[in-house]
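Report on the structure given below.
The values are calculated or read from the model by the stated rules, or taken from the named source; none is laboratory data. Here the structure is a predicted model, which is why all the values come from computation and not from measurement. Ideal geometry is used to build each Cβ from the backbone, glycine not excepted, and the neighbour counts take in all protein chains shown.
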Amino acid sequence: MRHGQADPATSRLSDYDRCLSTLGEQQAKSAAQHLQNLYLQPQKILCSPADRTKSTALIVSQRLNMATHQIVFAPRLYEASLSDFLTLLTEQGDNTNVLMLIAHNPGLEKLLHYLNLPRQEKYYLHTASLAVLSINKAWHLIEDGDANLISLIPGKH
């Protein structure tokens, strides 16, 4: 999932510290509802520590009745490359079957294109877009094209 819409950047606020806008908060609630509608309950949320991703994760986790210890803030997810995402995924234990990532573009889009085949389609993840993938391998064995896109839910604007 890409974080919800953030307040605009200002000269007094770094990109890292940008907060969710009111719309972004509503987008996070809507994303949690989509997960509930799909009967998906993450066992863990792996999240960038930037303010807007943290807030998105907290809203989603509260709506899904998750415990705060199920959210893991991974500094590598801020401005993450495809390699950073893949490293974090391969480090996940076999006891995590349903994992949610909350992070930023362009890394998330690159991950989606890497994992999902066919690649004829170009996917763009607007704020609060939610891509649901199915991967039938252990995390440490993930390779190019190993996922099936189950659902792509664009964030509300």
Looking at the range 110-130, can you tell me whether even one residue there is within 18 Å of Asn148 (Cβ to Cβ), buried (at least 16 other Cβ atoms within 10 Å of the Cβ) and in contact with a Cys (Cβ under 9 Å, 6 or more places away or on another chain)? no
Could you say whether any residue in the range 46-61 is at pLDDT below 95, touching a Leu at 6+ places or on another chain (Cβ under 9 Å) and farther than 19 Å from Ile153 by Cβ? no
Give Glu109, Glu121, Glu25 a once-over and let me know the one that is among the acidic types (Asp, Glu) and at pLDDT 95 or above. Glu25
Count, please, the residues in the range 1-36 that happen to be in contact with a Ser or Thr (Cβ under 6 Å, 6 or more places away or on another chain), charged (D, E, K, R) and farther than 18 Å from Leu99 by Cα. 1
Go through the range 53-98 and give me each residue that's in a helix (DSSP H, G or I), in contact with a Cys (Cβ under 7 Å, 6 or more places away or on another chain) and farther than 18 Å from Ala131 by Cβ. Lys54, Ser55
Only one of (1) of a type in the set (Ser, Thr, Tyr); (2) at pLDDT 95 or above; (3) under 22 Å from Leu20 (Cβ atoms) fails for Ser83. Which number is that? (3)
